[in-house]
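The values are calculated or read from the model by the stated rules, or taken from the named source; none is laboratory data. A quick note: this is a predicted structure, and the numbers were derived from the prediction, not measured. Because the Cβ atoms are built from the backbone with ideal geometry, glycine has one as well, and the counts that use them run over all protein chains shown. Side chains included, ligands, DNA and RNA excluded: accessible areas come from the protein's heavy atoms. Shrake-Rupley method; radii C 1.70, N 1.55, O 1.52, S 1.80 Å.
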Amino acid sequence: MYVGVDEAGKGPVIGPMVAAAVRADPESLPAGVDDSKRVAPERRREIAAELRASDAVDVAVATVETAEIDAPDTDMNTLTVRGQARAVQAVVRAGDRVVADAGDTSEARFARRLREFVTDTDAVDSVDVDAAHGADESDPVVGAASVVAKVARDARVAAIDAAYPDYDGVGSGYPSDPTTRTFLREYVADHGDVPPHARRSWSTCADVLAAAEQSGLDEF
């Protein structure tokens, strides 16, 4: 058995980033485990439920909320390490091997930082960490973590969507999603600021706010 860890939601402008860790023997995983991007949404939800229900698998989720993402004294690489470490700490045991999907251009640096974060507690003082780009595709346990993280992130986005019934949906939360951009423009037009679930430090929010301000000046 070993621990696989991955995150979902690093790039969206709306909602949290979610990290998940799965401790399992690859042989005990449900059929069809893969990188979450290559698994259909319904099957992702089924796999996540099977993982959580299995006595042979330990699952943990950690959430990095918008306020933490917007903090001026951090960056996404550090937040990714921090989120993954929180999830790993909930399932890891002394002497375990941890395999992570690297959230940094340097796999070695990400592995080193993740190990430092994971062992920064009295509960865990001995753990081996490997990190690789594309580990969610090449390693089944990391793939399982990818699925859990994606399902948890999707559930949060659905809850955010439900919180704004007067709009035509928040979309996926990604800056490239026209529905997300329309929601932000309309919300800012109505309220003069971005919604609390938006990452105001993202350039997308700055652009929407600037456009709304310019529109107000033009009308004046």
- Query: What is the packing order of peptides 33-44, 185-196, taking the mean over residues of other C-beta atoms within 10 Å and listing the highest first?
  - Reply: 33-44, 185-196
- Using a Gaussian network for the chain with springs between C-alpha atoms less than 10 Å apart, which of these wobbles most: P178, P12, P72? P72
- Query: What are the extents of the Cα atoms of the chain along their three principal axes, listed from largest to smallest and rounded to whole Å?
  - Reply: 66, 37, 26
- Query: Picking from A206, L114, V129, whose Cα lies most toward the positive end of the charge dipole for the chain (charges on Cβ: Lys, Arg +1; Asp, Glu -1)?
  - Reply: V129
- Of A62, A135, A158, the most mobile residue in a GNM of the chain (C-alpha springs, cutoff 10 Å) is A158
- Message: Can you work out the Karplus-derived ³J(HN,Hα) for every residue in segment 32-38? Use 6.51 cos²θ - 1.76 cosθ + 1.60 with θ = phi - 60°, whole Hz, and x for glycine or proline.
- Response: x, 5, 6, 3, 4, 5, 9
- Which value at 222 nm does the chain reach when only helices count, each DSSP H run of 4 or more adding -39,500 (n - 2.57), with the total divided by all residues and rounded to the nearest 500 deg cm²/dmol? -14500 deg cm²/dmol
- Item | Accessible surface of segment 136-220, 1.4 Å probe, proportion on carbon and sulfur as whole % | 52
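Using the beta-carbon distance between E65 and S176 and R0 = 22 Å, what value does 1/(1 + (r/R0)^6) give for FRET efficiency, to the nearest 0.05? Spell out each step's value before the answer.
On the way: r = 22 Å, r/R0 = 1.01.
With R0 = 22 Å, the Cβ-Cβ based efficiency is 0.50.
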- Message: Let me test this: with uniform point scatterers at the alpha carbons of segment 1-74, what is the Debye-based log₁₀ I(q)/I(0) at q = 0.20, 0.25 1/Å?
- Response: -0.91, -1.21
- Label A210 and A159 with points 7 Å out from Cα along Cα→Cβ: what is the distance between them in nm? 3.3
- Could you tell me what percent of the accessible area of segment 1-102 is made up of carbon and sulfur, with a 1.4 Å probe and every protein chain present? 46
- Note on the structure: The alpha-carbon center of segment 163-200 and that of segment 95-116 are separated, in whole Å, by 34
- Calculated Rg and Dmax of segment 41-130 using C-alpha coordinates, Å: 14.4, 41
- Message: What distance in nm separates the two pseudo spin-label positions at D75 and A108, each 7 Å out from Cα along the beta-carbon direction?
- Response: 1.9
- Task: Calculate, in nm to one decimal, what D120 and D193 gain on full extension: separation in residues at 0.36 nm each, minus their alpha carbon distance.
- Result: 22.5 nm
